[in-house]
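Notes for the one structure printed next.
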Amino acid sequence: MFLIRISLSALLALGVLAFPALLVADDSLEGEAVSEEEDDRSEAMRRYGTDQNVFELPEDDVDVIGEVHTVEARREDTLLEIARRHGVGYREIRRANPHVDLWMPGEGTEVTIPTRFILPPGPREGIVVNLSEMRLYYYPEPGGDGRRVVETYPISVGRMDWSTPIGETTVTMRLEDPAWFPPASVRQRYEEEGRPLPRRVDPGPDNPLGRHAIGLDIPGYFIHGTNRPAGVGMQATHGCIRMFPEDIEHIIHRVDSGTKVRILDEPYKAGWSADGDLYLQAYPRLAEDEEADAQGVTPAVKAVAGVLRERSARVDYERLKEVARNAEGRPESITRKAVHRDMASAE
């Protein structure tokens, strides 16, 4: 068995990352390196090849992917189970179904699945994390058939006092069944919550990291699974990026060391649909920000202006402001529709 243990003293290059004031100063992991065998990669693709988190990657001038659809709840379902089954996080499913009971939706109840997205700005490569959206986007290399896809997964991110850093980094390692050595600051928080942690948390069902972890070239931060999947889609971690267990298992065999990772915080995304309409997707900000509040919808206008450099459109600015203020997380058209007069009746 090949074991890797990594500590902060062994991590290099802080790079261009914007670190939060509170760093996890003595975090480390130990575990078995994920196999590089082609059979493992093939098995991952076989198991998840039809996963609904996978979308055809559109041409560079198209940014909107997926569709919103509805499903009927089964008698035994909770809203969280439906969300997980369809690749959606807690806040996404709650925003899309505000009047559906969380624990007992009821047999036959129609549940909206909000799986239409605007791709994040920037290069379509590697891993892109958008904190406000609580989503991870993965752009795998094309397969043997040349097919280009994008995969997107719900995530949990850092709480306000344990924020996830913004910037560019790379994957440094991939571990299976990690043991976790939580820092003193995290152990103190768990102690205050009445859930004391040992200095070493062994692999198993009580390990908050789950069965898989992807190390980043940021001291003390990882993309990992969880032993509490109901919390995926919330602002609930100590700064790491948390995924459903099946989702990280899906990607970990295909994400090589050195893969680029961009961590953004973009509450407003603008982009083009395949039919040429301009869309805006808005999310609530993760934390209260007096400066951002004073700007009102200006950041949304800037996001739209960014894509209008590529081509022009007639923008419905009243609709833009409405979408930005509501921040419901759905891509909404903000193209001003032409008004066609009935010339015959006018005569």
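Computed values, structure above
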read-out	value
Contacts under 7 angstrom Cβ, first residue in region 94-107 being surrounded by fewer than 18 Cβ atoms within 10 Å (Cβ to Cβ), partner among the basic types (Lys, Arg), 6 or more apart	Glu107/Arg74; Glu107/Arg75
Strands (runs of 3 or more DSSP E) enclosed by region 121-183 - at least 2 residues per element that are within 26 Å of Gly66 (Cα to Cα) and hydroxyl-bearing (Ser, Thr, Tyr)	135-139, 149-158
Positions within region 190-215 being over 11 Å from Leu175 (Cβ atoms), touching a Leu at 6+ places or on another chain (Cβ under 9 Å) and not β-branched (Val, Ile, Thr), in sequence order	Tyr190, Glu191, Pro208
Residue within region 172-195 that is within 21 Å of the chain's Cα centre (by Cα), surrounded by fewer than 22 Cβ atoms within 10 Å (Cβ to Cβ) and of a type in the set (Ser, Thr, Tyr) present	yes
Among (1) outside any helix (DSSP H, G or I); (2) closer than 30 Å to Pro178 by Cβ; (3) at pLDDT below 95 - the single one Val261 does not satisfy	(3)
Single residue of Gly220, Gly233 found to be in contact with an Asp or Glu (Cβ under 7 Å, 6 or more places away or on another chain), closer than 19 Å to Tyr137 by Cβ and touching a residue at least 60 places away in the same chain (Cβ under 8 Å)	Gly233
Residue in region 270-293 that is at pLDDT below 95, aliphatic (A, V, I, L, M) and over 20 Å from Thr152 (Cα atoms) present	yes
Residues that are acidic (Asp, Glu) and farther than 29 Å from Ile93 by Cα, drawn from region 186-231	Glu191, Glu192, Asp202, Asp217
Count of region 131-146 residues which are surrounded by 11 or more Cβ atoms within 10 Å (Cβ to Cβ) and on the phi < 0 side of the Ramachandran plot	11
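The values are calculated or read from the model by the stated rules, or taken from the named source; none is laboratory data. Computed from a predicted structure; not experimentally measured. Please note: Cβ atoms are built from the backbone with ideal geometry, for glycine as well, and neighbour counts cover all protein chains shown.
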